[in-house]
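Notes to accompany the following structure.
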Amino acid sequence: GFLDVKYDYNPQIDEGQYFKPPIMLTVGKYSASDLIKNMIIESDNTATLILANQNSEIIEQLYQNLKLPDPIAGADFMSPKQYGILWRVLYNGTYLSHNDSEEALDLLSLTTFKEGLMAGLPLGTRVAHKFGEHTDVYTNKPTVHELHDCGIVYLPSKDPYFLCVMTRGADFAPLEKTISDISKLVYDNLPLK
């Protein structure tokens, strides 16, 4: 029943995303299922905020159960190792059911962001991944951008692997290239099986 719950949305502010979803949410009611799809596939921060604001107890419980920094309490950073815990429980189906975990990974493989991990891999490689961005604007210092892309790379003749690349710099374009270069380097140096 959770996926069918409807949430009202009345646009108030621009969430400040650099990588904006192709279609922005407009005034209306959206099911949790639709918001989850928009949040994952299009990386829509508005959809994320609608769900997070209405379900903070569920999110807090998840983070406590997995011993991760609590975003509700103000923690705004997670290391690649910590983030890997979320991917491990999805891959192994140890927090959600196996079917729900597979459904989540299938959604994550539909992510439209192709400039990071995917750009360093052969065309057609299946990757269940999620990217994130953040920008800090300072009064007397240069603007600092962060771009991260993490996920599971599925290979036809080898075991899948998890890769998480987190970057920080003055402009998004070099950050994208750094992520794709690292992704390519890892792929090219995998042991043959």
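The values are calculated or read from the model by the stated rules, or taken from the named source; none is laboratory data. None of these values were measured; they are calculated from a predicted model. Using ideal geometry, Cβ is built from the backbone for each residue, glycine included, and neighbour counts are taken over all protein chains shown. Note: accessible area is taken over every heavy atom of the protein model, side chains too, but ligands, DNA and RNA are not part of it. Shrake-Rupley method; radii C 1.70, N 1.55, O 1.52, S 1.80 Å.
What pairs in Lys81/Lys158; Lys141/Lys177; Lys81/Lys130 have C-alpha atoms more than 18 Å from each other? Cα-Cα > 18 Å for Lys81/Lys158; Lys141/Lys177; rest within. Measuring nothing but how far apart in sequence close Cα pairs (under 8 Å, 6+ apart) lie, relative to its length, segment 69-193 scores a relative contact order of 22 percent. Per-residue SASA remark: Thr111, around 0 Å² accessible (1.4 Å probe; ligands, DNA and RNA not included). When the chymotrypsin sites (Phe, Trp or Tyr not before Pro) in segment 138-174 are filtered for DSSP coil states and for at most 14 other beta-carbon atoms within 10 Å of their beta-carbon, the remaining sites are Tyr138. Among the trypsin sites (Lys or Arg not before Pro) in segment 17-82, those located in a DSSP loop and surrounded by at most 11 other Cβ atoms within 10 Å of their own Cβ are Lys67. Taking only protein heavy atoms and a 1.4 Å probe, the accessible area of segment 6-116 is 54% carbon and sulfur. Dipole check for segment 1-68: with +1 at the C-beta of Lys and Arg, -1 at the C-beta of Asp and Glu, and the Cα centre as origin, the magnitude is about 100 Debye. Solvent-accessible surface of segment 20-79, averaged per residue with a 1.4 angstrom probe and all protein chains in place: 57 square angstrom. Restriction of the chymotrypsin sites (Phe, Trp or Tyr not before Pro) in segment 53-133 to DSSP coil positions whose beta-carbon has at most 13 other beta-carbons within 10 angstrom yields Phe77.
Projecting the Cα atoms of Pro21, His148, Ala52 onto the dipole axis of the chain, where Lys and Arg carry +1 and Asp and Glu carry -1 at the beta carbon, places His148 farthest toward the positive end. Averaging Cα coordinates gives a centre for segment 3-55 and one for segment 132-193; these two points are 24 Å apart.
Of Cys150, Cys164, the residue with the largest accessible area leads and the full order is Cys164, Cys150 (1.4 Å probe). Rounded to whole numbers, the Karplus 3J(HN,Hα) couplings from phi for segment 145-156 are 9, 10, 9, 10, 9, 9, x, 9, 9, 9, 10, x Hz, using 6.51 cos²θ - 1.76 cosθ + 1.60 with θ = phi - 60°, and x at Gly and Pro. Solvent-accessible surface of protein heavy atoms, probed at 1.4 angstrom with all chains present, puts His98, His148, His129 in the order His98, His148, His129, largest first. Rounded, prolate or oblate, given the Cα gyration tensor of segment 111-193, with a/c below 1.5 counting as rounded? Taking the square roots of the gyration eigenvalues as a ≥ b ≥ c, segment 111-193 is prolate. Oblate is the label for the chain, because the ratio a/c of its alpha-carbon gyration tensor axes (a ≥ b ≥ c) is 1.5 or higher and a/b is not greater than b/c. Taking every protein chain into account, the accessible area of segment 90-136 amounts to 52 square angstrom per residue (probe 1.4 Å).
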